[in-house]
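As structure tokens, the structure follows; a few thoughts come after it.
The values are calculated or read from the model by the stated rules, or taken from the named source; none is laboratory data. Keep in mind that this is a model prediction, so the values were computed, not measured. Please note: Cβ atoms are built from the backbone with ideal geometry, for glycine as well, and neighbour counts cover all protein chains shown.
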Amino acid sequence: MLNSPEVLGIFAYTIHAFFWWYKNSYAMKNKKLQIIDNIKNFKDVFSICIYGKDKFARNTDSNLLTNIFEVDVDDISSIYVENSISFDKTHPEKDINYSWQSVPIMVFSDKKTITTRSSVVDRLQDLREKRTIFFFPVYVNSKPLNADIICNFCADNILNFLPEDKEINFLKEQINYLLLSFVSYLADLSTSEYNLGDFNYMTRIYTTTISELSQKKGYKLNKKNPEKLLHAAIKGFCYFLEEKMQFRAEANLMEQKSYQIFVPPIEKRSNNTGANEELSPSLTVFCEYLQGLSCLGDVEKPLWFFDNHQEETGELCWLIVNRSFYQDFSEFLKLRKKQPIKKIELQRELKRQNCLITYERKQYGISRKHPSFEKPTTCMVIIKNELLKYSR
């Protein structure tokens, strides 16, 4: 498992499914947790996609690593419709079982390719964000689903790590045993007073992990949050392996591999302003534009621009209504005799240089309550300190 980033990633999502809702709901009901970071504090209701050209590989990987229901190991490459959501039905949304909680559920199609434009993908995301459903979708597909809210894992890359057919049964039994033991451990922590220290550690693992990572110089909370949550889930699972199962060496190795896979290296940036401008002249001129808007009085500032908006992460940001700013910015470029910059190219560069917060479904914008509008609207949320690095 540890030799394959894809296997560890898929397994981490299954652990996350058990762990995340337990931490935010089941543990809270037992009233032991004094401080709990509610699910709304993280804009990270995300899913995974297990994709690949080889149908046997993607179905087998899904059943092995995410299917917690009964599986016929002699037919492990088949997905059972009674415990999944099939796109092949006329109304796949009717397959949604609202009693499923805290478990991965496979979403698949034998006849067509699922896309991010599929209505069911949007429907599931909306229901999860509204906290109407509490299961964790696993899209099993021939192609990856490219969206900020979906982590993709290639099943074709796992083929070399799968055992012989006769050993798959034993592997599935081992995985099920570990998962069942982990769930039992979490339940015991909530009912045993003598485990209060372990309980506090486990229920705060997401908060402490992200806090530790965010304190590292150059490491941004808004970058790849789903991967950070997967790493936090693995850290909790490794604590269980070490404390309960006495697998200390295995736990240490798994946590190291998780860090290497899910925590990207810090990108070093030059302090030389000229180097930054050469790297991204579009961000230099856009920074100049926003600084000019910030200097305007309250009456002169356009309604679609808001200065010093504070995100839940603590970052000070510029908030710009996505549909409104570009015409004014284009006029600014003309006055400065600058080359035109396409809106999509600017947004891509902002995102590539980690200046743009994109937690949710929208690729370059987030629904926010802008002070100038009664209802939430799609905005670009630009981190001031990041973009100011490109200031002249």
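Give, as residue ranges, the strands (runs of 3 or more DSSP E) completely inside region 44-122 that count at least 1 residues that are farther than 23 Å from Asn157 by Cβ and either in contact with a Lys or Arg (Cβ under 8 Å, 6 or more places away or on another chain) or touching a residue at least 24 places away in the same chain (Cβ under 8 Å) (or both).
Because the criterion is at least 1 residues that are farther than 23 Å from Asn157 by Cβ and either in contact with a Lys or Arg (Cβ under 8 Å, 6 or more places away or on another chain) or touching a residue at least 24 places away in the same chain (Cβ under 8 Å) (or both), the strands (runs of 3 or more DSSP E) in region 44-122 that meet it are 84-86, 101-108.
Select from region 241-261 the residues that are buried (at least 20 other Cβ atoms within 10 Å of the Cβ) and touching an Asp or Glu at 6+ places or on another chain (Cβ under 9 Å) and list them in ascending order.
Leu241, Ala251
Only one residue in Ser84, Ser77, Ser47 is of a type in the set (S, T, N, Q) and modelled with pLDDT under 85, so which one is that?
When all the criteria are applied, what remains is Ser77.
For region 255-291, name all the residues that are at pLDDT below 75, in a helix (DSSP H, G or I) and of a type in the set (A, V, I, L, M).
Matches in region 255-291: Ala275, Leu279.
Taking region 1-31 only, how many residues are at pLDDT below 80 and more than 18 Å from Val183 (Cα to Cα)?
4
Could you grab the pairs with beta carbons closer than 9 Å, sequence gap of 6+ or different chains, first residue in region 4-24 and closer than 15 Å to Tyr259 by Cα, second one among the basic types (Lys, Arg)?
Pro5/Lys257; Leu8/Lys257
The rows are residues; the columns are (1) modelled with pLDDT under 85; (2) under 25 Å from the mean Cα position of the chain (by Cα); (3) exposed (fewer than 15 other Cβ atoms within 10 Å of the Cβ).
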| residue | (1), (2), (3) |
| --- | --- |
| Pro144 | no, yes, no |
| Ala155 | no, yes, no |
| Asn160 | yes, no, yes |
| Phe170 | yes, no, yes |
| Tyr177 | no, no, yes |
| Ser181 | no, no, yes |
| Ala187 | yes, no, yes |
| Tyr194 | yes, no, yes |
| Thr208 | yes, yes, yes |
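Would you kindly identify the strands (runs of 3 or more DSSP E) lying entirely within region 292-392 that contain at least 2 residues that are over 21 Å from Glu129 (Cα atoms) and either at pLDDT 80 or above or touching a Ser or Thr at 6+ places or on another chain (Cβ under 7 Å) (or both)?
Numbers: elements: 305-310, 316-321, 366-368, 377-383.
In region 292-392, 305-310, 316-321, 377-383 are the strands (runs of 3 or more DSSP E) which contain 2 or more residues that are over 21 Å from Glu129 (Cα atoms) and either at pLDDT 80 or above or touching a Ser or Thr at 6+ places or on another chain (Cβ under 7 Å) (or both).
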